[in-house]
Amino acid sequence: MKWPVALIIGLGLTVVFVLAALLSFVWTPHEVEALNIAAKLQKPGSAHLLGTDHFGRDILSMLMVGARTSIAVAVVAVGIGMGLGVPLGLLAAARHGSWLDDLVMRGNDLVFAFPSLVIAILITAVFGPSALNAIIAIGIFNMPVFARVTRGGALSVWTLDYILAARVAGKSRLRISLEHILPNIANLLIVQGTIQFSLGILAEAGLSYVGLGAQPPLPSWGRMLADSQTMISFAPHLAIFPGLAIIATVLGLNLIGDGLRDLLDPRIRRER
Amino acid sequence: MLRFILSRALTLALSLLVASLVIFAVIEVIPGDPAAFMLGLNAEPDTVAALRTELGLDGSLPERYLRWVGGMLTGDFGISYTYQVPVAELVGARLGVSLPLALFALLLSTVIALPVGLFAAARQGRPTDWAIMGATQFGIAIPNFWFAMILVVIFAIQLRWFSAGGFPGWDQGFWINIKALLLPAIALALPQAAILARVMRSAVLEVLSQDFIRTARAKGLNQRQTLIHHAFRNALIPVLTIIGLQFSFLIAGAIIIENVFFLPGLGRLIFQGITQRDLIVVESVVMLLVFAVILVTFLVDIAYALADPRLRRPE
């Protein structure tokens, strides 16, 4: 089978960032927390490939460790969203038309009314800002997305003949959901998962930028951007590189999502 | 149609009720006494007790909830602890910045995205289409606050065409404020425009595959006429829904963008509320934002049903 170009480019970009994040556990070009005021605000050069910040910290090293934060927050948040949303969606589909279905869908609409940032603001107002609270906020926001996609996909599978056969054979709705429905909508969930992953990276960056996400000393792309803001007129490289890192990661994940959709389901046109 | 509106209005009211309960519960969850929380660790017991009375924390839970909701229904959002002015007054002043910003951004993204999406659909599969779709991928991936910072560097610091932030206020004249909101609105509009252009393109393609388009071509309309008179108008229906959904993202985006440009809008207010532990402000502004999103969803549903009678039937 021929792989879509988007998928190859997307995988390439994503692999680079995942590898950089993993590599940062054992090696970074410079010590991330090493302050070196003498070498502060250096332009990109041979000593520091992407330059240094106002404390003389190496930008490339910070980006590598920041990738860790971004990826970890997004992965866990998507995991929470899937872990809660998929069972709810399966349940709603299995009991289609009942009060349970209604309850799940109305609950979804309600969560949709709280933009992720507003959820984060509420959580932060109560528990204070932290990476964990960012994860919870993004996770809650992901839940209705997965519930809706799961329900939609599951409903169409439920109408198929072999499901009827399974019911006639005496399988419970739970077993049918787990053994027949879930494997059949796995494609859908994987594609949605990559898209939510990229949205999670963007959301984490936004939350950290306004100070509601990862707190110092945990490096994060969003906070690097926030820190760079006062120095942007004389040290634009401080803002440019973290921004490019976010763009490349999000772009990579979105391309994977698009490419996978094409690969897994040739019937649907490339569209969004 | 009336039935449809009534059932939607009922859902709207229920959503608002549940949302207010959730927000109230979250604020109530705060460990310890909200008054002590707001005043910090070193507060005198007398001060805390005074604030408790002022906030109306002495009553029972349901009593306090009813007072909060009842107050909001009559336009009384309480008194901001840090500003010592009614929250309604604060919110009113800040809305004068946030609402024009969100609408400006919505206008920009719609004006950019619809023609671009239509154009890409008309050139489906050709290099122009590929270039536009590639560009929208970038547009979606760019964080709007980063784009805002880059805009500031180029247009405010290098070219000095705009100020880097701030808002003169509507009493200073109309155009000067529009100018102050232009860069923030562009930053806010870009990712939305990218998404909207993609939606527009697929909506137009969907319509173009319908039989009545073939009929239109067969009766002698050229491609341009078909696109404008038939495809564009029919594609607007799904696009309208997305525009409605985007409102929620615009609100969230505006909160962040206001921080980049130091605009005195709701976003700044909410962050000041958090850092100064002004829970009354946070609680009310969050409720207001959620209300705005739910209301827009309601209005879009109605508009959608007006445009497409098939949707008026119950599901």
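No lab work stands behind these numbers, since they all come straight from the coordinates. From a predicted model like this one, the values you see are computed outputs, not experimental measurements. Neighbour counts run over all protein chains shown; Cβ positions are idealised from the backbone, glycine included.
Data overview
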| item | result |
| --- | --- |
| Nearest 10 degrees, 0 to 90: helix B:279-307 Cα axis against chain B principal axis | 30 |
| Residue-averaged beta-carbon neighbours from other chains (10 angstrom radius) around B:143-156 | 5 |
| Positive dipole terminus of chain A, leading residue within A:Leu63, A:Thr28, A:Ala147 (C-beta point charges) | A:Ala147 |
| Efficiency of FRET from Cβ geometry, A:Thr230 and B:Thr82, R₀ 22 Å, rounded to 0.05 | 0.35 |
| Protection-proxy order for peptides A:165-171, A:256-262, B:109-115, each taking the mean of Cβ atoms within 10 Å per residue, highest first | A:256-262, B:109-115, A:165-171 |
| 17 Å Cα-Cα reach of B:Lys179 towards aspartates and glutamates, excluding residues that sit fewer than 8 places from it in its own chain | B:Asp171, B:Glu258 |
| Unit charges on C-beta of K, R, D, E only; dipole of chain B, Debye | 1980 |
| FRET efficiency, A:Val26 to B:Gln124 (Cβ-Cβ, R0 60 Å, nearest 0.05) | 0.80 |
| Pairwise label distance in nanometres, A:Phe127 with A:Ser156, each label 7 Å out on the Cα-Cβ vector | 3.6 |
| Nearest-ten-degree value, helix A:59-94 long axis tilted from longest Cα axis of chain A | 10 |
| Cα→Cβ-extended label distance, 7 Å offset, between A:Leu164 and B:Ser60, nm | 5.6 |
| Under 5 Å, built H, 5+ apart or other chain: amide partners of B:Ile79 | B:Val87 |
| Dipole moment magnitude, nearest 20 debye, the protein assembly as shown about Cα centre, only Lys, Arg, Asp, Glu C-beta charged | 2400 |
| The range A:135-208-the range B:233-305 distance, computed between alpha-carbon centres (Å) | 28 |
| Stretch gain in nm, segment B:Lys179-B:Leu10, where the contour uses 0.36 nm per residue and the Cα spacing is subtracted | 56.7 nm |
| Per-residue mean of C-beta atoms belonging to partner chains within 10 Å, peptide A:212-222 | 1 |
| Other protein chain Cβ atoms within 10 Å, averaged over every residue that makes up A:105-115 | 6 |
| Within straight-line cross-link reach of A:Lys171, aspartates and glutamates at Cα separation under 16 Å, skipping those fewer than 8 residues along the same chain | A:Asp161, A:Glu179 |
| Chain lengthening between B:Arg52 and B:Thr74 when straightened (0.36 nm per residue, less Cα-Cα) | 5.7 nm |
| Ranked packing of B:192-201, B:8-17, most packed first, by mean Cβ within 10 Å | B:192-201, B:8-17 |
| Three-way shape label, the protein assembly as shown, alpha-carbon gyration tensor, a/c 1.5 | rounded |
| Amide N proximity, the range A:178-216 versus A:Val18 label position 7 Å along Cα-to-Cβ, cut-off under 18 Å | A:187-202 |
| Separation of the B:Thr241 and B:Leu299 label points, Cα + 7 Å toward Cβ, nm | 2.0 |
